[in-house]
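The structure appears right after this line, and notes come after that.
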Amino acid sequence: MDWKRTREPADAWRMTDDLHAEHGKGDPFAAAIRATRMSMIITDPRQQDNPIVFANDAFLRLTGYERDEVMGKNCRFLQGPKTDKAAVDKVRAAIEDRADIAVDLLNYRKDGSSFWNALYISPVSNDKGELQFFFASQLDVSDRKSSEHRVKADKDRFEKAVQERTSELEAALEAQTTLLHEVDHRVKNNLQMISSLIIMQSRTMKDESTKQSLSTMLARIEALSTVHRRLYQSKDVSRFDVSDFARDLVSDLLTASGRSEIKSTLDLEPIVISAEKATPVALMVNELVTNALKHAFKEKPDGTRAGRIGIKMSQPDGHFNIEVSDDGVGMADASGDASFGMRLIKSLARQLRADIEWRDAGPGTKVIISMPNEPQQKGNVS
Amino acid sequence: MIEPLKVLIVEDEALLAMELEGLVEDAGHSVVGWATSLTEARTMVDTTAADIAFVDIHLTDGPTGVEVAEYIGQKKNAMVVFMTANPKRIPDHFAGAIGVIAKPYTMNGLTSALRYLQEGVRRPPPVSVLPSGFTLSPAFETVWASSGA
Ligand SMILES: Nc1ncnc2c1ncn2[C@@H]1O[C@H](COP(=O)(O)OP(=O)(O)OP(=O)(O)O)[C@@H](O)[C@H]1O
Ligand SMILES: [Mg+2]
């Protein structure tokens, strides 16, 4: 190993090759490098175009060239048409920076066949820090590369399959949404037509009490229509905002009655209930407000029937409470349970598992409804 | 007393058109025509003078209501209110229309809308509150809604 002190190392290697290594023969380090199965070369950056100054037999076996075909040449003869230019640039930059680099490069043999070369290059400097040569080793990693490619191809295939399935499902959802909108559109049109039939029939009626019945019926159907209109106006068709509905309903019933002397007091927390509760709740509120309008306010000496109707909606823990009140005559004289309106209210209350109570509010009547209302989860389409 | 409105009805459903006509007349206004398609609507717009056209989106020749509104907009001889069960089909710019009455409307909702429109057309901006079920277009929202009662 004393040659190291007496000679420049690169010269030693050149001599090793040129002279069939008289010196190297006795040097176990050089002999190991010459005989190893790992392909190795040394290049001399101090010469024009950084030529190969040493190549071991493994390199020649890997690349298929003769020694005299590679000696003195720059390594770029290993590149070919499909070699990644960006990877080559990285190698060039590392050499300029005198830095280590490990990179996988597609290289070509003398016969034109290609292989994946796990290239490792490192600069070697002398004691004074002057760059002497580059040492490069090559490992054929074509097997690893092809399994890498296989994994990537599998992954791409899976991703494509998932993507296809997703777009199928999206299309199915889209079709369903379109269908829902179509059905919704028809239901709304039909509700409108039912109202229209009643209105037109009513117009031809002479008898006041028949007209009255028809208008009560219209009010009930319009309550349903308003529920439906509001339900599908919102983004989530499974939830229903009762407070907004109540506001609409009261203003509708009051203006429709044409009795501007009756005022309303609304105390409405924003409350959301599930869609299947919307219709019974709406019908119930409609009956109660209609009753107050119809029965609570008796004519006063001055000829007016003024009064106030109040609606309060609140949701104390897990419950949904509705209060419909008036300051009218009260229900002491009410005839009992025989009439349709009352039966309807009570049946709807049963359906909703609601407690309902009529209280004498002195003056007037206060109806209190209380029902369980589980917290509404968003996006829970039933 | 404000002068009553002359109304054009563009609606493919006979029953709804009939009822609408009744409500319009009950409220003291008059109906100058009823069209069921884009073609009919064009002729009617050219030959009659209306203040307001109630236009359904879906007509006998397809979803042509928006085109009707555009045609009326070019002629500049009436104002449009859409009347549809499918308000989502109305473009964002509303094709120049005042707004939309969503079906199913209530009898009172429509009567209130007529009063509101009468004020809006004859003595803008309207002083009544915007009736429930009536949505103004963004353009009219800025000029009518802010000044309302
Ligand atoms: N808020 C109220 N104030 C005073 N009386 C009332 C009130 N609500 C109901 N009543 C009385 O209770 C009776 C029963 O009401 P109910 O709603 O069952 O029948 P209705 O309103 O007369 O007819 P319909 O079956 O069309 O509703 C009424 O006739 C009325 O006498
Ligand atoms: Mg009743």
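Data overview
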item: Cβ charges +1 (Lys, Arg) and -1 (Asp, Glu), total dipole of chain B, debye; result: 460
item: Under 19 Å from the Cα of A:LYS298 - aspartates and glutamates, other chains or at least 8 residues apart; result: A:GLU261, A:GLU287, A:ASP326, A:ASP327, A:ASP333, A:ASP360
item: With eigenvalues of the C-alpha gyration tensor scaled by 5 and rooted, the range A:235-279, Å; result: 25, 11, 7
item: Cβ-derived FRET efficiency at R0 30 Å, A:GLU69 paired with A:SER125, nearest 0.05; result: 0.55
item: Environment charge of B:ASP46, counting only residues whose C-beta is closer than 12 Å and scoring Lys/Arg +1, Asp/Glu -1; result: +1
item: Alpha-carbon spread of the protein assembly as shown, three principal axes, descending order, Å; result: 136, 61, 39
item: Relative contact order (%) - chain B, alpha-carbon pairs under 8 angstrom, separation at least six; result: 19
item: Lysines whose Cα lies under 28 Å from that of A:LYS152, excluding same-chain neighbours fewer than 8 positions away; result: A:LYS82, A:LYS85, A:LYS90, A:LYS160
item: Neighbour-count order for A:ARG230, A:ARG359, fewest beta carbons within 10 angstrom listed first; result: A:ARG359, A:ARG230
item: Residues B:LEU59, A:LEU106 arranged by fewest to most Cβ contacts within 10 Å; result: A:LEU106, B:LEU59
item: Fewest-first ranking of A:ILE368, A:ILE198, using other Cβ atoms within 10 Å as the exposure measure; result: A:ILE368, A:ILE198
item: Tensor-based shape of the range B:93-143 (alpha-carbon gyration tensor, a/c under 1.5 rounded, otherwise prolate or oblate); result: oblate
item: Whole-number Å³ per residue for the convex hull built on Cα positions in the range A:257-332; result: 110
item: Helix-only CD estimate at 222 nm, as mean residue ellipticity for chain B, using -39500 (n - 2.57) per DSSP H run (n ≥ 4); result: -10500 deg cm²/dmol
item: Loop GluC sites (Glu not before Pro), the range B:35-105, which have at most 14 other Cβ atoms in a 10 Å radius of their Cβ (DSSP); result: none
item: Per DSSP, loop GluC sites (Glu not before Pro) in the range A:248-322 with at most 13 further Cβ within 10 Å; result: A:GLU261, A:GLU299
item: Cβ-defined net charge surrounding A:GLU261, 12 Å radius [Lys, Arg +1; Asp, Glu -1]; result: +3
item: Overall form of chain B per C-alpha gyration tensor (a/c, 1.5; a/b vs b/c); result: rounded
item: Diffusion constant of the range A:195-236 at 10 °C, which comes from Stokes-Einstein with the Kirkwood Cα-pair radius and 1.306 mPa s, µm²/s; result: 141
item: Estimated FRET transfer efficiency (A:ASP111, A:GLU168; beta-carbon r; R0 45 Å; 0.05); result: 0.40
item: The range A:138-180: radius of gyration and largest Cα-Cα distance (Dmax), Å; result: 18.8, 65
item: Space enclosed by the convex hull of the alpha-carbon atoms of the range A:237-372, per residue, Å³; result: 109
item: Helix-derived mean residue ellipticity, 222 nm - over chain A, DSSP H n ≥ 4, -39500 (n - 2.57), to 500; result: -16000 deg cm²/dmol
item: Options A:ASN291, A:LEU169, A:GLY318, ranked by Cα towards positive dipole end of the protein assembly as shown, top entry (Cβ charges); result: A:GLY318
item: Net charge, A:THR166 excluded, C-beta distance under 11 Å - Lys, Arg +1, Asp, Glu -1; result: -2
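Rule-based calculations on the coordinates, nothing more; no lab input. Since this is a predicted model, take the numbers as computed values, not measurements. Quick reminder, even Gly has a Cβ in these numbers, built from the backbone with ideal geometry, and neighbours come from all protein chains shown.
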